[in-house]
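The values are calculated or read from the model by the stated rules, or taken from the named source; none is laboratory data. Just so it is clear, the model here is predicted, and its values are computed rather than measured. All Cβ positions, even for glycine, are placed from backbone atoms using ideal geometry, and neighbour counts span all protein chains on display. The protein model used for the area step is the full one, side chains on, heavy atoms only, and it has no ligands, DNA or RNA in it. Shrake-Rupley method; radii C 1.70, N 1.55, O 1.52, S 1.80 Å.
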Amino acid sequence: MKRNSLSSFYVSLWLLFIAVILQAVDSAKGKYAHMLFNELFEGYSNALRPVEDTDKVLNVTLQITLSQIKDMDERNQILSAYLWIRQSWYDAYLKWDKDKYDGLDSIRIPSNLVWRPDIVLYNKADDDFSEPVNTNVVLRYDGKITWDAPAITKSSCVVDVSYFPFDSQQCNLTFGSWTYNGNQVDIINSLHSGDLSDFVEDVEWEIRGMPAVKNVITYGCCSEPYPDVTFTLILKRKSSFYIFNLLLPCILISFLAPLGFYLPADSGEKVSLGVTVLLALTVFQLMVAEIMPPSENVPLIGKYYIATMTMITASTALTIIIMNLHHCGSEAKPVPQWARVVILDYMSKIFFVYDVGENCTSPKREKEERKLEGNDGCQRRHKEVRSHLSSRNDDYDLKEKLNGNLSKSYGVHGGNVRETVNCCSCYKMLIKNIEYIANCVRDHKANRAKGIEWKKVAKVMDRFFMWIFFIMVFFMSVLIIGKAA
């Protein structure tokens, strides 16, 4: 127990001794830092370029780290991004011997105390022209200055929405000196691309790369070259949101348009269905127009909406024409021979269109049996009528014979002849009325058959255009979804 207490006492004494030494070292470094700062900035000016020879070029190394994409405003063509901008250069007047200052190799001081290059974003699209953030710079003993400053930039970006929502965009971030030319300040990109290691994933855009290219441009106003570094941000839109909220509802609505041809003409809802679908697509078209910039490039989804609306307009117009054919009555002309052959004979069989009152569930044999039964019934009735007429003729002959015998026997024949003449005139009037009724029924059946033929023509055309428009909607939907691959 005594040994353990002594060992713990020595350990605590040793730790206390180390802490005192470290505190003394820190205080010594703080003392040397103050001394160094006073000696370095005595007579120093941050207004002039820190080179010993004015003809010498000062190299500034630039590195951009993309942290987050805040917003991509397609309508105003502005990209808002959160960047970390690192600039490093050598200051010829801020050097010291670290051995004289107890090995002090770097200090951190406010950035407004040293000279800073006036590197700005050329394609800036922000109304705020405030100064850069005055963060500290790291000053090394060899004169190297490293300045890390965060920045929220708004840059102009040419947005091409031709393939929206399956589009890719390329936005440039061009950095260069505003007043110094290439003979005074030269910009060097430290990496071949922007740093994306700390990038926060965006919900709408996917980063495909950020290559950096140095450009040297000679403007018309000046003969000196002006270098700049352009970072090209390659963005790929994540289209899932737009597929489920703009594209898929349009596809489902567009498949309702061909079903208008399947509705019965007597329902009175064929035209109203087409108009309702057209209004629904107009609402989606306005939603897309609010997002997109007012440019000449129509987006892919806008083309799909326009094509679908055109198709629905055509289907509504065809529905009106077909309804006129359906409601052709007895006053209409008969169905032309070519229409009877092409539409009623061939197309009706191709599209499985049956006569009015028929359907696809009634077997063919039952129809034939009904037809045969109808023929047998007609023949049976015809035989009964003939037998009845023959019996009536026999009775009439018998009456004539009896009347003739009576007239011969008794000599009374004038009254019977008169009755016979009256009976014949009644039969003639009855036959004439029956013929008139038969002609009326025949004309009624002919007019009704004419209307039934026009209804069948309208039904066949409905089925034909229904399949045509279904195929068109299907291929248009496959074409636009294939762009997502």
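Overview of results
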quantity: Mean-position separation - Cα centroids, segment 201-244 and segment 62-86, in angstrom; calculated: 10
quantity: Selection of chymotrypsin sites (Phe, Trp or Tyr not before Pro), segment 76-161, meeting DSSP coil and at most 12 other Cβ within 10 Å; calculated: F129
quantity: Whole-Å distance, taken between Cα centres, linking segment 92-148 and segment 290-314; calculated: 53
quantity: Whether segment 30-237 is rounded, prolate or oblate, judged on the alpha carbon gyration tensor where a/c under 1.5 counts as rounded; calculated: prolate
quantity: Per-residue SASA entry for S111, accessible area with 1.4 Å probe, Å² rounded to 10; calculated: 0
quantity: V57, V137, reordered so the largest accessible area comes first (probe 1.4 Å); calculated: V57, V137
quantity: Sequence of V158, V60 from largest to smallest accessible area, 1.4 Å probe; calculated: V158, V60
